[in-house]
Amino acid sequence: MVHTYGWYMRKYVADAKAKGAIPIVCSLVPRKIWKDGKIVRGAESYGGWARQAAESQGAAFVDLNEIVARRYDALGEAQVEPLFGDPHTHTSRAGAELNAESVVAGLKALPANPVGRFLSAKGEAVKPESPR
């Protein structure tokens, strides 16, 4: 049987909690789709569904869709172009590094910085970033 994206996300969270882990749900990063000079956000699809799953299960949530989208918006289309290896979905190495930094920034913005003690010196240098 195939279930919805939200169902699978809730199951992952429940399974992690059952094993004693502390789940942190991250949304997908945005695709390279521009509208009116801004990256199109995914709050009405996978980004929003990931948030709903995290909230319904009491898990922490990192809104990578919004964090990365804001970074892309600030860079603009010309500077974002080389961050992708295809028309709109898969990043280049430079894009992956920007996304990884965004993950760290989002994790560091969570209450009590739950992964702070595990970060490298490079990760410690990243400033926390909340999507709000």
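Numerical summary
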| read-out | value |
| --- | --- |
| Region 43-56 - phi-based ³J(HN,Hα) in whole Hz, Karplus 6.51/-1.76/1.60, Gly and Pro as x | 5, 8, 9, 4, x, x, 5, 5, 4, 4, 5, 4, 4, 5 |
| Rounded Å value of the spacing that divides the Cα centres of region 1-22 and region 97-128 | 24 Å |
| Length released on extending from F118 to K19, taking residue separation times 0.36 nm less the Cα-Cα span | 33.6 nm |
| Angstrom value of the Kirkwood radius, inverse mean 1/r, which spans all Cα pairs in the chain | 15.6 Å |
| Largest-first ordering by accessible area, 1.4 Å probe, given options W34, W7 | W7, W34 |
| For T91, distant residues with modelled amide H under 5 Å away | G85 |
| In sequence order, calculated HN-Hα J values of region 80-91 (Karplus, 6.51, -1.76, 1.60; Hz; x Gly/Pro) | 7, 3, x, 7, 10, x, 9, x, 7, 10, 9, 7 |
| Heavy-atom SASA rank of S120, S92 (probe 1.4 Å, accessible area, largest first) | S120, S92 |
| Surface accessible to a 1.4 Å probe, per residue, for the residues of region 1-60, Å² | 66 Å² |
| Accessible-area ranking of Y46, Y8, Y72, largest first, probe 1.4 Å | Y46, Y8, Y72 |
| Value at 222 nm in deg cm²/dmol, rounded to 500, when DSSP H runs of n ≥ 4 in the chain each add -39,500 (n - 2.57) | -14000 deg cm²/dmol |
| The chain - percent of accessible surface contributed by carbon and sulfur, probe 1.4 Å | 57 percent |
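The values are calculated or read from the model by the stated rules, or taken from the named source; none is laboratory data. Just so we're clear, the structure is a prediction, and the values are computed from it rather than from any experiment. In case anyone asks, the SASA skips ligands and DNA or RNA and just uses the protein heavy atoms, side chains included. Shrake-Rupley method; radii C 1.70, N 1.55, O 1.52, S 1.80 Å.
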